[in-house]
Amino acid sequence: MKWEDVRKNYPNQWVKINIIKSHTQDGKEYIDEMDVICPIISDLEAGRELVKSKENEVVYHTSHEEIYLEIRNVFGFRMVK
């Protein structure tokens with residue numbers, strides 16, 4: 001499913017999606033194809049669902065015209081044994 005279709009089917013609300021296909025450009029991961037896992041009713045529930053999200057899942061609000069994730073590199077992380 002495309003983001004335009006998600007926005008049309010779930011106007012002005014949170015949705016939890018599974019990322020099917022994406023591409024990176026200018027430090028952002030743009031999501032091209034997705035499946036809606038579930039619509040989310042409230043901001044509080046959206047936060048809870050985000051914390052429970054697994055790999056390739058994201059919670060996003062359909063008020064945004066584009067869907068993308070900022071790519072951030074974490075420097076200075078060290079594992080202590």
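Looking across the stretch 7-24, the residues that are surrounded by 14 or more Cβ atoms within 10 Å (Cβ to Cβ) and either of a type in the set (K, R) or more than 18 Å from E70 (Cβ to Cβ) (or both) come down to R7, Y10, Q13, W14, V15, K16, N18. Summed over the stretch 42-55, residues that are free of Cβ contacts under 8 Å to residues at least 12 places away in the same chain, more than 18 Å from E70 (Cα to Cα) and of a type in the set (D, E, K, R) total 2.
Just to verify a result, which residue in the stretch 25-41, among those that are open to solvent by less than 50 Å² (accessible area, probe 1.4 Å) and free of Cβ contacts under 8 Å to residues at least 40 places away in the same chain, is nearest to N9 (Cα to Cα)? Residue satisfying both the conditions and the ranking: V36. Taking the criterion of being buried (at least 16 other Cβ atoms within 10 Å of the Cβ) and within 14 Å of Y10 (Cα to Cα), the residues of the stretch 47-65 that qualify are V59, Y60, T62.
The values are calculated or read from the model by the stated rules, or taken from the named source; none is laboratory data. This structure is a prediction, so every number in the text was calculated from the model and none was measured. Cβ coordinates were reconstructed from backbone atoms using ideal geometry, including for glycine residues, and neighbour counts include every protein chain displayed. The accessibility values were calculated without ligands, DNA or RNA, using every heavy atom of the protein model including side chains. Shrake-Rupley method; radii C 1.70, N 1.55, O 1.52, S 1.80 Å.
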